[in-house]
Amino acid sequence: MADRRTTSISSRKQPRQARSTELVATILAAAVQVLAKEGAQRFTTARVAEKAGVSVGSLYQYFPNKAAILFRLQSDEWRQTSDLLRAILEDARTPPLERLRILTRAFIRSECEEAEMRVALNDAAPLYRDAPEAREARVSGTRAVETFMQEVLPQASQATRALAGDLIMTTLGAVGKQFSEAPRTPAEIDAYADAMADMFCAYLTSLEQG
C-alpha cells in the first residue's frame with residue numbers, strides 16, 4: 001500500500017534537458033491556473049494538459065496522475081516557505097528577535113498573497129498528505145527553527161526550545177491561514193503581523209528571563 005502511494009505522487013522522471021524542463025514548467029504553470037479557476041474538485045490532468053497546450057501523454061511522462069501534480073505544487077510551496085525561514089532566521093547580521101519580527105511579517109504577507117492557491121491545495125491535501133514524501137517535505141524547515149531557538153534561548157532546556165519553536169510556527173500557520181481568508185490591505189497585514197511579532201517576542205523574552 002505504501003509503495004503504491006509513493007509511486008502515485010512521485011514524478012515519473014526528472015527533466016534532464018532544457019526542453020523537458022520548460023515542458024514541466026509549462027505544465028505546472030497551467031496546473032496553478034486550473035487549480036485557481038476550477039478548484040481541487042474539478043482539477044484534472046486533462047484540463048491541465050489542455051491549458052498547457054500539450055497532450056495528456058506528454059503530461060504523463062512526468063506526472064502519473066493529478067495527485068502527483070498537486071503534490072509537486074504543494075512541495076514547491078513548502079520548499080519556498082522553508083527557504084524563507086532559513087534566509088531570515090539564519091541572518092546573523094540581524095538581532096534574533098528582529099529576525100522573528102521580519103519572519104512574521106513576511107509569512108503573513110505571503111499567506112495573504114497566495115491565499116486562494118493555499119485554500120485549493122488544502123482541499124486537495126487528502127490525495128497526498130499521508131505519503132512519505134509529504135512528511136519529509138513538511139519537516140524540511142525544522143532545523144532552521146531549532147537552530148534559531150538555540151540561539152535565542154541558550155539557557156533553556158531542549159524541551160522548552162522545542163515547545164517554543166512548535167508553538168510559534170503552529171500559531172503562524174494557523175493564524176496566518178485564518179487571517180488570509182478575507183481580503184486585507186497592506187496596512188492591515190503589517191499591523192496584524194507586528195502584533196503577532198510583539199506577542200512572540202514577549203513570550204521568548206519571558207522564557208529567557210525565567
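The values are calculated or read from the model by the stated rules, or taken from the named source; none is laboratory data. Note that the structure is predicted; figures quoted are calculated from it, not measured. When we count neighbours, we look across all protein chains shown, and the Cβ atoms used for this are built from the backbone with ideal geometry, even at glycine. Side chains are part of the model used for accessible areas, which takes the heavy atoms of the whole protein and leaves out ligands, DNA and RNA. Shrake-Rupley method; radii C 1.70, N 1.55, O 1.52, S 1.80 Å.
Within the range 117-125, is there a residue that is of a type in the set (S, T, N, Q) and modelled with pLDDT under 85?
Among the residues of the range 117-125, at least one is of a type in the set (S, T, N, Q) and modelled with pLDDT under 85, which makes the answer yes.
Which residue pairs have Cβ atoms under 9 Å apart, sit 6 or more places apart or on different chains, and have a first residue in the range 100-128 that is under 23 Å from ALA40 (Cα atoms) and in a loop (DSSP other than H, G, I, E, B) and a second that is hydroxyl-bearing (Ser, Thr, Tyr) and open to solvent by 30 Å² or more (accessible area, probe 1.4 Å)?
Note: pairs meeting the criteria are TYR128/SER8.
Which numbered condition trips up ALA52, out of (1) more than 23 Å from the chain's Cα centre (by Cα); (2) modelled with pLDDT of 90 or more; (3) under 30 Å from ASP166 (Cα atoms)?
Just one mismatch for ALA52, condition (3).
Scan the range 38-64 for residues that are closer than 23 Å to VAL119 by Cα and of a type in the set (S, T, N, Q) and jot them down.
GLN41, THR44, THR45
Among the residues of the range 66-89, is any in a loop (DSSP other than H, G, I, E, B) and not aromatic (Phe, Trp, Tyr)?
No, there is no match, as no residue in the range 66-89 is in a loop (DSSP other than H, G, I, E, B) and not aromatic (Phe, Trp, Tyr).
Out of everything in the range 176-196 that is aliphatic (A, V, I, L, M) and either in contact (Cβ under 8 Å) with a residue 60 or more places away in the chain or not in a helix (DSSP H, G or I) (or both), what residue ends up being surrounded by the most Cβ atoms within 10 Å (Cβ to Cβ)?
Among them, the one singled out is ALA193.
Where residues in the range 86-122 are among the basic types (Lys, Arg) and more than 22 Å from GLN178 (Cβ to Cβ), which of them is most open to solvent (accessible area, probe 1.4 Å)?
Checked the range 86-122; the qualifying residue most open to solvent (accessible area, probe 1.4 Å) is ARG93.
List every residue pair whose Cβ atoms sit under 8 Å apart, with the two residues 6 or more apart in sequence or on different chains, where the first one lies in the range 53-67 and is in contact (Cβ under 8 Å) with a residue 60 or more places away in the chain and the second, anywhere, is among the hydroxyl-bearing types (Ser, Thr, Tyr) and buried (at least 17 other Cβ atoms within 10 Å of the Cβ).
LYS66/THR45; ALA67/TYR128
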